[in-house]
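Inspection log for the structure reproduced underneath, given as C-alpha cells.
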Amino acid sequence: MLGTLRFRLTALFLAVVLVFGLVSIGLAVRLFQDVTKKQSVDELRREASGLAALYAESALRSSDEGAKAPEFAAEKLELATGDELYYIGASLFPGQRFGLTRLPRSALGGANLDRDRQVIVTFTPPGESRRLIAAAQPVRLVQGSEPFGWLIVAKPETELREQWISLLGRLALALAVGVGLAGLLFLWLSRRLTEPVRVLTRATEDVAAGRYDVEIPEARGTDEIALLSERFRGMVAKLAEAEQLKRSFLMSVSHELRTPLTAIRGHVEALREGVVSEPEQVSASLDIVAAETDRLERQAHRFTVRREEVDLERVLDQAYGAFAEEARRREIDYRLSGVEAAPVIVSDGDRVLQVITNLLSNAFRWTPDGGRIELQLAQANGRVAVDVLDTGPGIPPSQRARIFEAFVSQDADGTGLGLPIARELAVALGGGIELRSHVGAGSRFRLVLPVLPMPEI
C-alpha cells in the first residue's frame, strides 16, 4: 500500500498542499500582525491626541475659573477606551488629584519624549512584568508653550499577541480541514486516475501467464491512460489471434500427422502380430508404410498447393489401403469401386490424398464395428467426384454446417479439424465438398474436383 502509485501521488499532493498552507498561514499571520499593530498604534495616537486636548482644556479652565480637577475622569476613560492612562511631567492641577497614574520619566527606559510631537514607546510599568505599547502626547495649555508633561495611552502587547494567536488557531483549523478535504478529494481522484493502471497491471499479469481472454474496460476520455488502454487492448487482441493461429497450426499439423501414422501403426502391428504373413500381403503392407512415410516427409517440407498430373487410381488405392487394416480389425465392410477408368487430373496429388484420407478417417471414426464404408469414384462434365459413404449415425440438419467449423467435434477424442481442413483444401484445389446425410442411416461426403485446373486470371 505504501509503495503504490496511488499512495505516493496522494502523499505528494498533501505535502504540497500542506507546504503552501503553512506558507500562506505564515504570510497571513505576518500581514495580520502588521495590520493589527498599525490599527492599534493609530487608535492609541487618536486617543492620546484627544485625551491630551481634553485634559489641557480642563487644566486651563481650572486655572482660570478655579474648577476642581476631574478625579473620576481617568477611570471612566480607561473603561470606555479599554486602554490604560498614565502621565509624566508637572501636575496639570497643582495641589489636586486628577486620577491619572503618574510615572517617572525613567519608567520609559530611556525613551525620548518629544516636546513638539507624539511618539510611540514601549515600556514596563514599575513593579510589573508586562510590556506595554503606548502613544505619548505632549500636553500644553497654550499653543507654542512648553509642555507641562506627556499624556500616555497604553495597552498590553499581549493583547495584540492574543489576537495573532487566535487568528493562528483559526487558520490552523482551517488548514487541517482543508488538507483533510483535499486529501479525500485527491484520494478519490487518484483512484480514478490509477484504477485504469491497476486494471492494466492485472491484465499484464494474466497475459504473461498466457491468459488472453482478459477484460479491459473501455477507457474514458482521450488522455494518455486512455490511449495506453486502447493500445494494450489492441496488443492483447493480436496476441490472442497469434496464439489461436499457433494453436490451429499445431493442431492441424498434429491432425495431418496422425492420419498417416495411424495407417503406418496399423500395418506395423499387423506385421508384428503375424496377422499378415503372405509374401504378397507383407509386400503390400510395406508399400503402404513406405508411401505414408514419404507423404509425411513431403508434408513436413511443404504447406502449399502445386499443380501436377495426378493419377487418381493410384491416389485412391493409397487412401483405401491406408485404412484396410483397421477395416479388417473392426470387421467393417470396406469397399473401393469406380477406379477402373480413373482419369489423370491436374491438381496436387498430396493434397487430394489428404482430403480423401480426412474423409475416410471421419467415416471410420463414426462407423460402428461391423458397419460398411465405401470409397467410390465417378466422372462427368469435366469434373470428378470422390464419394465416401458410411453407415454411421448420420448428421442432423442443424449440425451439417457446424461440422466444417474448426474445433467443432461431437467426438471427445477428436480435434474438430479434419473436415474443416478437408474443405479448405478442396476449395484451394478448385473444388469443394458436398454432404448428404440421413440420421440413423449414414452419410455421404463427396469431394468434387475439376479434371483440369481453372486458368489463372
R0 of 30 Å, Cβ-Cβ distance Glu405-Val451: FRET efficiency to nearest 0.05: 0.50
5 angstrom amide H check on Tyr334, placed H, neighbours 5+ away: Ile373
Net charge dipole size for the range 306-427 [Lys, Arg +1 and Asp, Glu -1 on Cβ; Debye, nearest 20]: 320
Probe 1.4 Å - accessible area at Leu227, Å² to nearest ten: 90
Kirkwood hydrodynamic radius (C-alpha pairs) into Stokes-Einstein, the range 102-182, 37 °C and 0.692 mPa s, D in µm²/s: 212
Where a label projected 7 Å from the Cα of Ala378 along Cα→Cβ would reach, residues of the range 338-368 with amide N under 13 Å: 338
Cα-projected label distance for Ala209 with Ser129, points at 7 Å along beta-carbon direction, nm: 7.2
By accessible area with a 1.4 Å probe, ligands and nucleic acids excluded, highest first: order of Arg130, Arg265: Arg265, Arg130
Lys37-Trp188 FRET efficiency (beta carbon distance; Förster radius 56 Å; 0.05 resolution): 0.85
Nonlocal amide H pairs with Leu141, under 5 Å, H built at 1.01 Å: Phe148
Amide H partners (placed H, <5 Å) of Tyr87, local residues excluded: Thr101, Arg102, Leu103, Ile152
Segment Glu340-Arg231, extension gain: residue separation times 0.36 nm, minus the distance between their alpha carbons: 33.1 nm
Pairwise label distance in nanometres, Asp311 with Ser166, each label 7 Å out on the Cα-Cβ vector: 11.8
Per-residue SASA entry for Asp311, accessible area with 1.4 Å probe, Å² rounded to 10: 60
The range 346-408: radius of gyration and largest Cα-Cα distance (Dmax), Å: 13.6, 37
List Ile395, Ile373, ordered by accessible area with a 1.4 Å probe, largest first: Ile395, Ile373
Lys68, Lys238, Lys155, ranked by accessible area, largest first (probe 1.4 Å): Lys68, Lys238, Lys155
Across Lys76/Lys155; Lys68/Lys155; Lys38/Lys76, pairs whose alpha-carbon gap is larger than 18 Å: Lys68/Lys155; Lys38/Lys76
Probe 1.4 Å - accessible area at Glu159, Å² to nearest ten: 60
Residues of type aspartates and glutamates that Lys238 reaches as a straight line, Cα spacing below 20 Å, ignoring anything fewer than 8 places off in the same chain: Glu205, Asp206, Asp213, Glu215, Glu218, Glu230
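The values are calculated or read from the model by the stated rules, or taken from the named source; none is laboratory data. It should be emphasised that the depicted structure is a prediction, and the values quoted were computed from it without experimental measurement. All Cβ positions, even for glycine, are placed from backbone atoms using ideal geometry, and neighbour counts span all protein chains on display. Accessible surface is based on the protein model in full, side chains and every heavy atom, while ligands, DNA and RNA are left aside. Shrake-Rupley method; radii C 1.70, N 1.55, O 1.52, S 1.80 Å.
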